[in-house]
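Questions regarding the structure given below will be posed in turn.
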């Protein structure tokens, strides 16, 4: 009975279930009966944020992750277009196409750029020209990681694969986990030193990037519940890194920090959110499911402040930029909150469509992308 009630509640929220083999994907979504957000107050304009440049690309409906390589930003759109942009002035460095709709992207190291299409093709480009493609056995929602002359892929079935970036030869593969239900949302895949970190369910796994062997495993949350939906606690994209410490979120379960040298959990706190986190070495910042913004002490996990000023605005994963926590919302606004107390210090408007990727910092330039295909770059005056 409880399982039926849970599934009915999810159905009312118009969430999506997609079957791939024996794996079911659960898509996080906003409730159709979400409370109406309060009207925004007058913009305090304390920073004086200036628009550095704007650009257009096609609409974006997949979990876009903007890639940064030096002063270059690499982005993509639904129609298969991949482009590299100089973040200082918005000039296009190169433009390419994979010829079909994109499901996950973008990963880039400045030389290679990688995306996965909706037909499960891993496609790698160099200077906008397709270099190679490989058919995958699973869907992908997380942008491929390009690092160390390799391309790493985290599958929707939680498999992890490595390919040679130049030739496309598969180097190794880690089989998928046994869980039947996974989140249709970008997960955790990043390098720290000579280690590849991957989110496998609620566990952060350290992998030897040379051969795929496991070095250590840390559970950020202990999934609980009476059914698979309630026990879902995948690690989600948006990681705060300070040296060898990474802090991250387990979906609707917890926020915590991990020492990646020793492979130990430093702290964890219950947290009911579905977006990733950001940090500045002193605090870790995240958004709860009702869009209350929370700051935790990076060393202890103690809650430092919370802000309800943007409640129910369907906020993006935050990004720390200087002394501000930057968040986009579903109405196309970009909000700047003080890292000290969560007070709103500035706000800018884009094209009115939702911000679809975590705000990205390239040098001193902050870039946001919208669902309608707008790219907006900002700098303090």
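No lab work stands behind these numbers, since they all come straight from the coordinates. If you're wondering where the values come from, they're calculated on a predicted model, not measured in any experiment. Virtual Cβ from ideal backbone geometry, glycine too; neighbours counted across all protein chains shown.
I need two numbers for the stretch 294-381: Rg to one decimal and Dmax as a whole number, Cα atoms only, in Å.
My reading of the Cα-based Rg and Dmax gives 12.9, 40 Å.
Which value in nm describes the separation of the simple spin-label points at residue 127 and residue 56, placed 7 Å from the Cα toward the beta carbon?
A separation of 2.9 nm, rounded to one decimal place.
Largest first and in whole Å, what are the equivalent-ellipsoid semi-axes of the stretch 2-380 based on the Cα gyration tensor, each being the root of 5 times an eigenvalue?
28, 26, 21
With a 10 Å Cβ neighbour count serving as the proxy for reagent exposure, in which order, fewest first, do 335, 274 appear?
The order, fewest Cβ neighbours first, is 274, 335.
If you don't mind, there's one more thing I want to ask. Assuming 0.692 mPa s and 37 °C, estimate D for the stretch 120-165 with Stokes-Einstein, Rh taken as the Kirkwood radius over Cα pairs, in µm²/s.
This corresponds to a translational diffusion coefficient of 301 µm²/s.
Shifting gears a bit: Based only on other Cβ atoms within 10 Å, what is the fewest-to-most ordering of 145, 122?
Listed from fewest to most nearby Cβ atoms, that is 122, 145.
Here is a follow-up. Please compute the Cα-Cα pair-distance distribution of the stretch 205-364 with 10 Å bins starting at 0, giving whole percents from short to long.
Over the stretch 205-364, the share of Cα pairs per 10 Å bin runs 11, 39, 33, 14, 3 percent.
Multiply the residue separation of residue 46 and residue 290 by 0.36 nm, subtract the distance between their alpha-carbon atoms, and state the gained length in nm to one decimal.
85.2 nm
Take the Cβ-Cβ distance between residue 181 and residue 213 as r, set R0 to 30 Å, and report the resulting FRET efficiency rounded to the nearest 0.05.
Working from the Cβ atoms, E equals 0.65.
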